[in-house]
Amino acid sequence: MRLVLLLLSLVCMSFSTLALGEDIAPQDYIVGQHFESIEYYQPYISPRSYPPLALDSSFGKLIYESEIVNYKPERLYNYYKNFVCDGIYGYNCTYNINNLKQYAGLDITTESGLISSSIESIKGYKVYYSSEAVNGTDSVLSGAVLIPISHEKLKGVIIFYHYTVLDKRNIPSNFKTDSFVLSGLTAAILASAGYVVLLPDLPGMGIDARHPHPYVTYPEVNAKSGIYMLPLLKNMIADDQFEHVNGKSKLFISGYSEGGSYALWSAKILEENKAYLANTGFKLQKAVPVVGAYNVSRVMLPFMFANVTASESSPYYVNNSWVSAFAKPGFFANTMNSYLSFNPESSDFDPQTVYNSEFAKCSVCNLGESKLTISELLQTDANDWYKYNLLLETAKVNGYSNGNNSVQTLANISLLENNNFISSLSNADIYNWQAQTPISLLAFEFDSIVPRLSSETAYVAMNKKGSPQVKMITVPNQDFMVMGYVPLTDMVVDHPQGIRFMLPFVRKELEAN
């Protein structure tokens, strides 16, 4: 496990408070970082219209359920504490524990600081349910459901969307065989506080793995895959086991990285479908998206095409440019594969409409005796590191390197002039709208995969739209340590390992509700 996490890590507060000036209401603040002037962010913000998205009550039918695990409090406590200190020196273990307590209010020096005393265990279920495909037709998806067995009423339900994975086995419903161990982490930190947690595997994964994953260019269908898990609970847990507000159970939404954008999309979709939400018996309380790719067209796309060689510098403030360079070919390939697979105007799915001819050949994409295309590679069961590494090696054939890490070297020369492609990315943006739901955006100060600029532009744009309760919290990377790339060294946490430290901040924001 240690080796796997080390390889995966390659891919992927002092609490000062600053007012934002006259353009934003004085009760809105940004926490934990130097905040640029409002004018600084204007080039990264574009107008966006959002056609209403309807929810269909015919989806969300429970097809199959099976109890897979039964987590005991002692096991969860030891599991998470070991994760916080995995492979690092004792003094850095103490450093992490102290900072989790200081910043996130989570005291893991004792079991009672992490696990509510009312909880006997947390049961984990694999479920299959009906949902919506990209084209609107019926689809069967899978996911995980975590249900605390508690002496007290449960605080509510959290929909949690996972991060980008290229290995389709690395999903919540695989529980013990998920090398990212998302189910265990969310059980230890979120379900342990008294919440039911819904973890969609997402379309194109789990039971739906025969299809490509629609990824960030189709955020609506990914967001709906979590929303359509809500009706399942009627068959799994009695309504009287929940605390209620105005006769409804409390609903919260969160997600990390790719899943962070789906969390924000879900909040908007549910605001537009109040009748659907009421009929399922829930009231939306808060959304806590984490390090999400909300601004796809003005931040993430330029970031991918930028040659990012300087760490901790404007405008992207990456933590380690080497990590950015390692990850970019994988993210670029995943985005293009989604676009080619589902966009009806993508020139009959010809890879050379988006890749240059050499990268499209994927010359080193071999699995055993099989020579694979990029699309075939992404569909295999190979692990995340293997796929990222093959795509990196293929990129190097095209002149890509740590010092030349713009994906321009991998792309069709006219890709950025393809109006259909640019429009599809603009349609994936979810940062410029008026939200009535309380929203807490969490970001790392220095992030090598999703620059904090994505969160900052969402914070600025949503406040300027008049959103009454949107805030942003920036967590300082330097105050949390993980096992280093070089043996016997520790390093500052970065995006690939960050969820283990961000989940306590999610919990703090939920509890503040």
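The values are calculated or read from the model by the stated rules, or taken from the named source; none is laboratory data. Remember, predicted model here, so these are calculated numbers, not experimental data. We place every Cβ from the backbone using ideal geometry, glycine too, and count neighbours over all the protein chains shown. Each accessible area value is taken on the protein alone, full model and side chains, heavy atoms only, with ligands, DNA and RNA left out. Shrake-Rupley method; radii C 1.70, N 1.55, O 1.52, S 1.80 Å.
What are the residues in region 481-493 that are surrounded by fewer than 23 Cβ atoms within 10 Å (Cβ to Cβ) and not in a strand (DSSP E or B), if any?
Gly484, Tyr485, Val486, Pro487, Leu488, Thr489
Okay, residues lined up against (1) open to solvent by less than 40 Å² (accessible area, probe 1.4 Å); (2) closer than 28 Å to Leu488 by Cα:
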{"position": "Glu65", "(1), (2)": "no, no"}
{"position": "Val69", "(1), (2)": "yes, no"}
{"position": "Ile88", "(1), (2)": "yes, yes"}
{"position": "Asn99", "(1), (2)": "yes, yes"}
{"position": "Gln102", "(1), (2)": "no, yes"}
{"position": "Gly105", "(1), (2)": "no, no"}
{"position": "Ser116", "(1), (2)": "yes, no"}
{"position": "Ile119", "(1), (2)": "yes, no"}
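Could you go through region 402-412 and let me know if any residue there is on the phi < 0 side of the Ramachandran plot and touching a Gly at 6+ places or on another chain (Cβ under 9 Å).
Of region 402-412, the ones on the phi < 0 side of the Ramachandran plot are 402-412.
So of that shortlist, the ones also touching a Gly at 6+ places or on another chain (Cβ under 9 Å) come out as 409.
Within region 402-412, one or more residues are on the phi < 0 side of the Ramachandran plot and touching a Gly at 6+ places or on another chain (Cβ under 9 Å).
Is there any pair linking a residue in region 93-122 that is within 11 Å of Asp479 (Cβ to Cβ) to one that is open to solvent by less than 30 Å² (accessible area, probe 1.4 Å) and acidic (Asp, Glu), with Cβ under 6 Å and at least six apart or on different chains, and which?
Close Cβ pairs (under 6 Å, with a partner that is open to solvent by less than 30 Å² (accessible area, probe 1.4 Å) and acidic (Asp, Glu)) amount to Asn99/Asp479.
Need the failing condition index for Glu445 against (1) under 19 Å from the mean Cα position of the chain (by Cα); (2) at pLDDT 95 or above, just the number.
(2)
Quick one: in region 231-284, which of the residues that are of a type in the set (Phe, Trp, Tyr) and part of a helix (DSSP H, G or I) is farthest from Val216 (Cα to Cα)?
The extreme case among them is Tyr276.
Name the pairs whose Cβ atoms lie under 7 Å apart, with the first residue in region 390-402 and over 16 Å from Met304 (Cβ atoms), the second among the acidic types (Asp, Glu) and surrounded by 15 or more Cβ atoms within 10 Å (Cβ to Cβ), and 6 or more positions between them or separate chains?
From region 390-402, the pairs are Val397/Glu358.
I'm told Leu5 meets every condition in (1) under 30 Å from Ile119 (Cα atoms); (2) modelled with pLDDT of 75 or more; (3) surrounded by 12 or more Cβ atoms within 10 Å (Cβ to Cβ) except one. Can you identify the failing condition by its number?
(2)
It is to be established whether one or more residues within region 459-475 are within 16 Å of Pro43 (Cα to Cα) and under 19 Å from the mean Cα position of the chain (by Cα).
yes
Condition check ((1) part of a helix (DSSP H, G or I); (2) among the basic types (Lys, Arg)) across all residues:
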| site | (1), (2) |
| --- | --- |
| Glu39 | yes, no |
| Ser49 | no, no |
| Tyr64 | no, no |
| Lys81 | yes, yes |
| Asp86 | no, no |
| Lys101 | yes, yes |
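If you scan region 285-323, which residues turn out to be assigned to a loop (DSSP other than H, G, I, E, B), open to solvent by less than 40 Å² (accessible area, probe 1.4 Å) and not small (Gly, Ala, Ser)?
Val291, Tyr294, Asn295, Val308, Pro315, Tyr316, Val318, Asn319
Collect the residues in region 139-168 that are under 20 Å from Tyr262 (Cα atoms) and surrounded by fewer than 21 Cβ atoms within 10 Å (Cβ to Cβ), keeping them in residue-number order.
Val140 - this is the single residue of region 139-168 that is under 20 Å from Tyr262 (Cα atoms) and surrounded by fewer than 21 Cβ atoms within 10 Å (Cβ to Cβ).
Quick check, is Leu441 under 20 Å from Tyr103 (Cβ atoms), among the hydrophobic types (A, V, I, L, M, F, W, C) and not in a strand (DSSP E or B)?
no
Exactly one of (1) closer than 30 Å to Ser225 by Cα; (2) of a type outside the set (Phe, Trp, Tyr); (3) open to solvent by less than 50 Å² (accessible area, probe 1.4 Å) is unmet by Cys93. Its number?
Condition not satisfied by Cys93: (1).
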